[in-house]
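The values are calculated or read from the model by the stated rules, or taken from the named source; none is laboratory data. Being a predicted model, the structure only gives us computed values, none of them experimental. Counting neighbours? That spans all protein chains shown, and the Cβs are built from the backbone with ideal geometry, glycine included.
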Amino acid sequence: MTKIRVSVAMFILLLTANTALAGAPPGYNTPIPAEILTPDSVDTDQLGTLKFFDGMPSDATVAAVYDNLDRMRGTEVFLDMVPLASIEAMRRGMEKVGVDQANKILLYEELMDSQSLFLTGNTDTIYAIGLLDLKRDGPTVVEIPPGAGPGTVNDAFFRFVVDMGPPGPDRGKGGKYLILPPDFEGEVPDGYFVANSPTYINWLPLRGFLKDGKTDSAVAMWTTGLKIYPLSRAANPPDLEMINGTGKVFNTIHANDFSFYEEVAEVIDREPVGFLDAELRGNLAAIGIEKGKRFKPDERMRRILTDAVKVGNATARALAFRPRSETIKYYGPDSAWFSAFDGGDYRWLIENGKGGRNKDARTLFFYIATVNTPAMVLEMVGAGSQYALAVTDSAGQYLDGGKNYKITIPADVPAKDFWSLVVYDPQTRSMLQTGQPYPSKNNERNKDMKTNIDGSTTVWFGAEAPEGEESNWIQTVPGKGWFICLRLYGPLKPWFDKTWRPGEIELTQ
């Protein structure tokens, strides 16, 4: 009887084992979900065939995926750090022409022209541009005169710090601003509009408006009313020193080759650790950029990063010149006009952060533009500014400097201060260099522009002016592309509710 019980037990055990093995892959006792297994050979579009021994990658596969990982990180660093590299390039460019102290400014006495390489700089306002170094100077005072146009402070990652002038707390009446460094721990004196910056380097673009089409009034306002100095010298502030930028040849555009990473590394080493979050710093560290450590990639990493920056640059250019976002167009898919601030948030947050950050929109903006402020995004009727970009004609083709085009700006442009069109070079994203030092038209500056019977204005583009249209013509260059920005300063309600809209750019031959 005992023998019978043993035999039955063994039979049940064997039956159970055989049942388990029937649904199990080789080497397992139980069924294993196919989706968690890795075959010995895996074909990929990007890296070819990857080889494994029981899920463990071969030496060749390990080398391929690590190269790919480093390339991915390098590309991501490029796309994420365009804002940072842009500020650094402006710092370097401005210092080369002498803006090396807080009390020195770059003043465009006769407006910015195409000699200076500035991302989508404009010919329409009298720029007074400064640089603050809060590590060198500590808390720094900026005294804004009454009547100034919109001004802004941006930190070393191109984040908004504070507005000045009409969109700022002084509301155009002027006042004293105190910009505090990230490590400030002292008492804050009274009598200032106070702003804390997360970084030491800060960029200070200020604008003055033309009066009767001339710069004189704004130049006088800046030269007599603007003061910038360390708080420690408030009792005896240094005089403002002005460097005229009009006609100066210098560059403020970040690199699009390997030296981009060197620009970034210098900023990371200069600024406090916490000015970027840990995720961004982790990507930087993965390619060898870390505060307090020399950026010195070996031959392999240099080769990979040289390739990564090419991919990053191409990606940024696709985002800027062929944006695929469904929300970026002002007037739907059949119009060329799109916003520089996709999503309508100067922080590029989706649904105020619920959907995270739209990193593609952020890269797009900073690859082609500068100045980050809510005043360029929010509906501030009669204050602030609004912008629309176009890189294609009404047929969806890139704008070609060897062809002729026209655009009609309808009457009653909703701009309290002025409207303008400025033409840019897609290579430098700066003003197109032609026989015209100011490749633009501005209803306040260009009083000789002709208007049509219905009050609209037609502007012409091409290598040569159409006969009789010289006053309404912007020159382009055969063999080069171009793109355009429409600006409205003091935008009015019809802009925001879209009851007024610009015409499309039409090929005329």
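Scanning region 324-336 finds no residues that are of a type in the set (Lys, Arg), within 14 Å of the chain's Cα centre (by Cα), surrounded by fewer than 19 Cβ atoms within 10 Å (Cβ to Cβ) and at pLDDT 95 or above.
Looking for something basic (Lys, Arg) and in contact (Cβ under 8 Å) with a residue 12 or more places away in the chain - is there at least one such residue anywhere in region 361-368? Lay out the reasoning, then the answer.
Narrowing region 361-368 to residues basic (Lys, Arg): 362.
Imposing the further condition that a residue be in contact (Cβ under 8 Å) with a residue 12 or more places away in the chain reduces the set to 362.
Yes - at least one qualifying residue is present in region 361-368.
Among the residues making up region 270-306, those that are assigned to a helix (DSSP H, G or I), under 21 Å from residue 359 (Cα atoms) and out of contact with any strand residue (DSSP E or B) (no Cβ under 8 Å at 6 or more places or on another chain) are 274, 278, 279, 280, 281, 282, 283, 284, 285, 286, 305.
Any residue at all in region 372-391 that is within 30 Å of residue 508 (Cα to Cα), over 14 Å from the mean Cα position of the chain (by Cα) and polar (S, T, N, Q)? Yes - at least one qualifying residue is present in region 372-391.
Being among the basic types (Lys, Arg) and in contact with a Pro (Cβ under 7 Å, 6 or more places away or on another chain) is the filter here; which residues of region 160-197 pass it? So that I can check it myself, show each step before the final result.
First, the residues of region 160-197 that are among the basic types (Lys, Arg): 171, 173, 176.
Within region 160-197, 173 is the sole residue that qualifies.
Quick check, is residue 196 at negative phi, without any contact (Cβ under 8 Å) to a residue 40 or more places away in the chain and polar (S, T, N, Q)? When the stated conditions are applied, residue 196 passes them. What do you reckon, is residue 194 closer than 30 Å to residue 417 by Cβ and surrounded by fewer than 23 Cβ atoms within 10 Å (Cβ to Cβ)? Yes, satisfied.
Report whether or not residue 412 is outside the structural domain of residue 149 (by TED's automatic domain parsing), part of a loop (DSSP other than H, G, I, E, B) and in contact with a helix residue (DSSP H, G or I) (Cβ under 6 Å, 6 or more places away or on another chain). Considered against the rule, which asks whether it is outside the structural domain of residue 149 (by TED's automatic domain parsing), part of a loop (DSSP other than H, G, I, E, B) and in contact with a helix residue (DSSP H, G or I) (Cβ under 6 Å, 6 or more places away or on another chain), residue 412 comes out as no.
Pull up region 457-474, narrow it to residues that are assigned to a strand (DSSP E or B) and touching a residue at least 40 places away in the same chain (Cβ under 8 Å), then point me to the one that is surrounded by the fewest Cβ atoms within 10 Å (Cβ to Cβ). Break it down into steps so the answer makes sense when it comes.
As a first pass, look at region 457-474 and keep what is assigned to a strand (DSSP E or B): 457-462, 473-474.
Next, only the ones that are touching a residue at least 40 places away in the same chain (Cβ under 8 Å) stay: 457-462, 474.
Details: 457: 21, 458: 17, 459: 23, 460: 20, 461: 28, 462: 21, 474: 23.
If we take residues in region 457-474 being assigned to a strand (DSSP E or B) and touching a residue at least 40 places away in the same chain (Cβ under 8 Å), then 458 is surrounded by the fewest Cβ atoms within 10 Å (Cβ to Cβ).
Results for (1) closer than 27 Å to residue 316 by Cα; (2) in contact with a Ser or Thr (Cβ under 6 Å, 6 or more places away or on another chain), shown as yes or no for each residue.
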| site | (1), (2) |
| --- | --- |
| 365 | yes, no |
| 374 | yes, no |
| 380 | no, no |
| 411 | no, yes |
| 441 | no, no |
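Residues are listed down the side, and each one gets a yes or a no for (1) within 21 Å of residue 360 (Cβ to Cβ); (2) of a type in the set (Gly, Ala, Ser):
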position	(1), (2)
31	no, no
37	no, no
58	no, yes
80	yes, no
91	no, no
97	no, no
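Scanning region 400-443 for residues that are closer than 14 Å to residue 486 by Cβ and of a type in the set (A, V, I, L, M, F, W, C) yields 407, 409, 413, 415, 418, 419, 421, 422, 423. Note on region 232-261: residues that are surrounded by fewer than 15 Cβ atoms within 10 Å (Cβ to Cβ) and polar (S, T, N, Q) total 4. Restricting attention to region 93-112, the residues being farther than 20 Å from residue 140 by Cβ and either of a type in the set (Lys, Arg) or under 21 Å from the mean Cα position of the chain (by Cα) (or both) number 3.
The selection criterion, being in the same structural domain as residue 111 (by TED's automatic domain parsing) and over 24 Å from residue 487 (Cβ atoms), does not hold for residue 204.
Among the residues of region 421-434, count how many are in contact with a Phe, Trp or Tyr (Cβ under 8 Å, 6 or more places away or on another chain) and outside any loop (DSSP other than H, G, I, E, B). Give the derivation first.
Initial filter on region 421-434 (in contact with a Phe, Trp or Tyr (Cβ under 8 Å, 6 or more places away or on another chain)): 423-426, 429-432.
From the residues that got through so far, the ones that are outside any loop (DSSP other than H, G, I, E, B) too are 423-424, 431.
Residues meeting the conditions: 3.
Taking the listed residues 14, 50, 21, the one that is farther than 30 Å from residue 126 by Cβ, surrounded by 14 or more Cβ atoms within 10 Å (Cβ to Cβ) and at pLDDT below 95 is 21, with no other qualifying.
Scoring residue 140 on the criteria (1) surrounded by fewer than 24 Cβ atoms within 10 Å (Cβ to Cβ); (2) over 25 Å from the mean Cα position of the chain (by Cα); (3) under 24 Å from residue 245 (Cα atoms) leaves a single failure, condition (1). Scanning region 337-346 for residues that are out of contact with any helix residue (DSSP H, G or I) (no Cβ under 8 Å at 6 or more places or on another chain) and crowded, with 16+ Cβ neighbours inside 10 Å yields 337, 338, 339. Within region 488-500, residues that are in contact (Cβ under 8 Å) with a residue 24 or more places away in the chain and assigned to a strand (DSSP E or B) reach partners that are surrounded by 17 or more Cβ atoms within 10 Å (Cβ to Cβ) and among the polar types (S, T, N, Q) with beta carbons closer than 7 Å, at six or more positions or on different chains, in the pairs 488/385; 488/386; 489/385; 491/385; 491/386.
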